[in-house]
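Working notes, structure below.
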Amino acid sequence: MNRRQFLAASLMGSAACSLSPRKRPNVLFLIVDDMNDYGFYSTLGGVKTPYLDRLKTTAVTFEKAYCASPACVPSRAAVFSGLYPHTTGAYRNGSDPWTKPPLDATESLPELFKRSGYRTYGQGKLTHAPVGDEKLQGMWDNRPHGGGFGPFPPEEDQVAGRFWGWTPWDGPDSDFPDVVNADSVADFLQRPRERPFFAAFGLWRPHTPFTAPRRFFDMYDRERIEMPPYREDDLADVPELGRELAAVWGERFVVSGRETEDSWRDFVRAYLACTSFADWSCGRVLEALDRGPHAEDTIVVFWSDNGYHCGEKDHWEKTTLWEKASLTPMAIRLPGSPHAGRVCRRPVGSIDLYPTLAEYCRLATPAHQPEGESLRPLLDDPETKWNRPALTTFGEGYASVRDERFRYIRYPDGAEELYDHEADPNEWSNLAGAPEHDVVKRKLAEAIPAQFAKSLGGRMG
Ligand SMILES: [Ca+2]
Ligand SMILES: [Ca+2]
C-alpha cells in the first residue's frame, strides 16, 4: 500500500464509522511461537487443537499466510513495524533490531495504537528482542511480564543443552509463564474499559524446550501418531546454500531427529503436546474474552511468528525458506463478520497485519509507510482477486516467494528452487531446472527485492 492508498483507506474508515473512540474496536493480538500448520490447517492427522478449531468457526482463516522471516526476532520485527527485513536489515535472531536504525526510530504497532488513544497491554513473548526503556514505555501502558522459555527438562532428558529435550511436566501448571500470563490477560479482558484497548498475548510454546503439563503428552500415543512426510533423498536436488540452512542447527538434531526412529517419534510427540498446550492457553484467553464485556466489540488476530520442521528435509527447527518454516497459522475474527468460518486461500503475510489493524481501528497515520497490504478486501470477500505473492527472506539475497500454486526460492549465489504445490505439497521435486517453468520463475522473481538492506547481524540459527 502506498501512502496515498493508506490515507484514502484511513479516511474511508473514518467516514464509515463514528469518530468516537468508544466506537473503535478493541484488539486481542494472540501470538504463538513456532507453531506450524500441523494442527491449525490439519496437515498432519490427529493433532488436537480444539480451542483454535473453535476460533476458526468465528474467524476468517488464512490458509496461505507466511512470515516475513522464519525466525522469532525478525518475524516479529516485521509484524510490529510493518517493514520487511530487506528494508530494515533485521533478518536474523540476535540482531537486536529495535535498538538500531531504522527500527529504533520506527513507530511500532503498539506505539501507534497508544498514540491513537488506545490503552495498550502486553504479556509474554512480544518483540523478543531488547527494546530501550523509553520505547518500551511508548509501546505498553503496563510493564509486560515475559516469563521466559522454562521450565526446562531435567538434565537427563536434555539433548545437547537445556533448550532441546522433552519432558511431560508433573509440577503445577503455574510453572509455565504461558499459564501465568494467560491468567493476567484473561483478567484484563474481563474488566470494563473506558478506552478501546490493544491487548497482546505472546505465548512461549510450542517453542522448545518441549515441556508441557503431562496431560498434553498423554493426548498422544507415541506408537500411533502420524509422522511427518519424509523422503530419504529429498535434499539431493536442493542447492548448496539451501542444504546449509537445513544443517545450520548442527549435530544436536542428529541426536534428536532421525538417528533413531524412536527419538524422532518422541520429538514429534513432544511438539504435538506443546502445540495442544498452546491451543489450551489460547483457549483460556478466548473464553475469558467471550465471557466478558468485550466479546462483541473486539477484533481477534491469531498468528504464529514462523512455522517449524519436525524432520522434513532433514531439519528439526525453523530458519529455512521452505513451506514448512514459512507457512504460519493465521486467523482474524471481526465482530459481526458475515464470513465467520470461511477460509481464504490467497497468499498473505503477517507483514499485512500492521496496515490491516491501522485501517480497522482508524489509527493515526504512522510517520513511515507500512509495506504490507491491508487485508480488508479479503476480509470483505475471502475469494476476491489478490495478485500479491507472499515474500519471506532470511538474509541478504535469500528470498522465497509464494503464490497460490508455486514456491520460488533464490539464494545469493543465484541458485534456485521451484515447487508446484498442486502436484507436490511437500516440496520434494525441485523444478527450477526445467525450461518450461521459466515464465513462472520470472514472474515470481519480480517479487524479490532489487535491493537488500545491509544485515544488522545476528546468527543463522
Ligand atoms: Ca518463533
Ligand atoms: Ca527434493
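The values are calculated or read from the model by the stated rules, or taken from the named source; none is laboratory data. Everything numeric here is computed off the predicted structure, so don't read it as measured data. Virtual Cβ from ideal backbone geometry, glycine too; neighbours counted across all protein chains shown.
Given the structure, is Pro389 in contact with a Leu (Cβ under 6 Å, 6 or more places away or on another chain), modelled with pLDDT of 95 or more and surrounded by 16 or more Cβ atoms within 10 Å (Cβ to Cβ)? Can you show your working first?
Details: in contact with a Leu (Cβ under 6 Å, 6 or more places away or on another chain): no; modelled with pLDDT of 95 or more: yes; surrounded by 16 or more Cβ atoms within 10 Å (Cβ to Cβ): yes.
Against the criterion (in contact with a Leu (Cβ under 6 Å, 6 or more places away or on another chain), modelled with pLDDT of 95 or more and surrounded by 16 or more Cβ atoms within 10 Å (Cβ to Cβ)), Pro389 does not qualify.
Might you check whether a residue that is within 16 Å of ligand 1 (Cβ to nearest atom), surrounded by 17 or more Cβ atoms within 10 Å (Cβ to Cβ) and in contact (Cβ under 8 Å) with a residue 40 or more places away in the chain occurs anywhere in region 209-219? Outline the logic, then answer.
Looking only at region 209-219, we keep the residues that are within 16 Å of ligand 1 (Cβ to nearest atom), and these are 209-210.
Still in the list and also surrounded by 17 or more Cβ atoms within 10 Å (Cβ to Cβ): 209-210.
Subset that is in contact (Cβ under 8 Å) with a residue 40 or more places away in the chain: 209-210.
Among the residues of region 209-219, at least one is within 16 Å of ligand 1 (Cβ to nearest atom), surrounded by 17 or more Cβ atoms within 10 Å (Cβ to Cβ) and in contact (Cβ under 8 Å) with a residue 40 or more places away in the chain, which makes the answer yes.
Being exposed (fewer than 11 other Cβ atoms within 10 Å of the Cβ), over 23 Å from Tyr38 (Cα atoms) and within 16 Å of ligand 2 (Cβ to nearest atom) is the filter here; which residues of region 412-461 pass it? Reasoning before the result, please.
Of the residues in region 412-461, the ones exposed (fewer than 11 other Cβ atoms within 10 Å of the Cβ) are 413-414, 422-423, 433, 435-436, 439, 442, 446, 450-451, 454.
Subset that is over 23 Å from Tyr38 (Cα atoms): 413-414, 433, 435-436, 439, 442, 446, 450-451, 454.
Passing the criteria: only Gly433.
Please work out if Met227 is under 30 Å from Asn430 (Cβ atoms), hydrophobic (A, V, I, L, M, F, W, C) and touching a residue at least 12 places away in the same chain (Cβ under 8 Å). I'd like the intermediate steps shown before the answer.
Working: under 30 Å from Asn430 (Cβ atoms): yes; hydrophobic (A, V, I, L, M, F, W, C): yes; touching a residue at least 12 places away in the same chain (Cβ under 8 Å): yes.
Considered against the rule, which asks whether it is under 30 Å from Asn430 (Cβ atoms), hydrophobic (A, V, I, L, M, F, W, C) and touching a residue at least 12 places away in the same chain (Cβ under 8 Å), Met227 comes out as yes.
Scan region 170-193 residue by residue and report those that are more than 19 Å from Gly283 (Cβ to Cβ) and touching a residue at least 60 places away in the same chain (Cβ under 8 Å).
Listed by number, the residues that qualify are Arg191, Pro192, Arg193.
Keeping to region 247-267, report how many residues are crowded, with 23+ Cβ neighbours inside 10 Å and aliphatic (A, V, I, L, M).
Selection size over region 247-267: 0.
Being modelled with pLDDT of 95 or more, closer than 16 Å to Ser184 by Cα and within 16 Å of ligand 1 (Cβ to nearest atom) narrows it down to one of Ser304, Ser326, Ser281, so name that one.
Values: Ser304 fails: closer than 16 Å to Ser184 by Cα; Ser326 fails: closer than 16 Å to Ser184 by Cα.
Of Ser304, Ser326, Ser281, the one residue that is modelled with pLDDT of 95 or more, closer than 16 Å to Ser184 by Cα and within 16 Å of ligand 1 (Cβ to nearest atom) is Ser281.
List pairs: first residue in region 287-312 and more than 18 Å from Leu55 (Cβ to Cβ) and within 16 Å of ligand 2 (Cβ to nearest atom), second residue among the aliphatic types (A, V, I, L, M) and in a loop (DSSP other than H, G, I, E, B) anywhere in the structure, Cβ distance under 8 angstrom, at least six positions apart or on different chains.
Once the first residue is more than 18 Å from Leu55 (Cβ to Cβ) and within 16 Å of ligand 2 (Cβ to nearest atom) and sits in region 287-312, its partners that are among the aliphatic types (A, V, I, L, M) and in a loop (DSSP other than H, G, I, E, B) give Gly311/Met227.
Here's a check for you: in region 220-241, which residue that is more than 16 Å from ligand 2 (Cβ to nearest atom) and of a type in the set (A, V, I, L, M, F, W, C) is surrounded by the most Cβ atoms within 10 Å (Cβ to Cβ)?
Initially, region 220-241 is screened for residues more than 16 Å from ligand 2 (Cβ to nearest atom), giving 220-227.
Checking which are of a type in the set (A, V, I, L, M, F, W, C) leaves us with 225, 227.
Working: Ile225: 17, Met227: 14.
Checked region 220-241; the qualifying residue surrounded by the most Cβ atoms within 10 Å (Cβ to Cβ) is Ile225.
What single numbered condition from (1) within 14 Å of ligand 2 (Cβ to nearest atom); (2) more than 22 Å from the chain's Cα centre (by Cα) fails to hold for Ile409?
(2)
I need a count of the residues in region 124-146 that are modelled with pLDDT of 95 or more, of a type in the set (Gly, Ala, Ser) and farther than 22 Å from Asp187 by Cα.
Residues meeting the conditions: 2.
Out of all the residues in region 49-68, which are more than 17 Å from Gly307 (Cα to Cα) and in contact (Cβ under 8 Å) with a residue 24 or more places away in the chain? Let's see the steps before the verdict.
As a first pass, look at region 49-68 and keep what is more than 17 Å from Gly307 (Cα to Cα): 50-51, 53-60.
The answer is Pro50, Tyr51, Arg54, Leu55, Lys56, Thr57, Thr58, Ala59, Val60.
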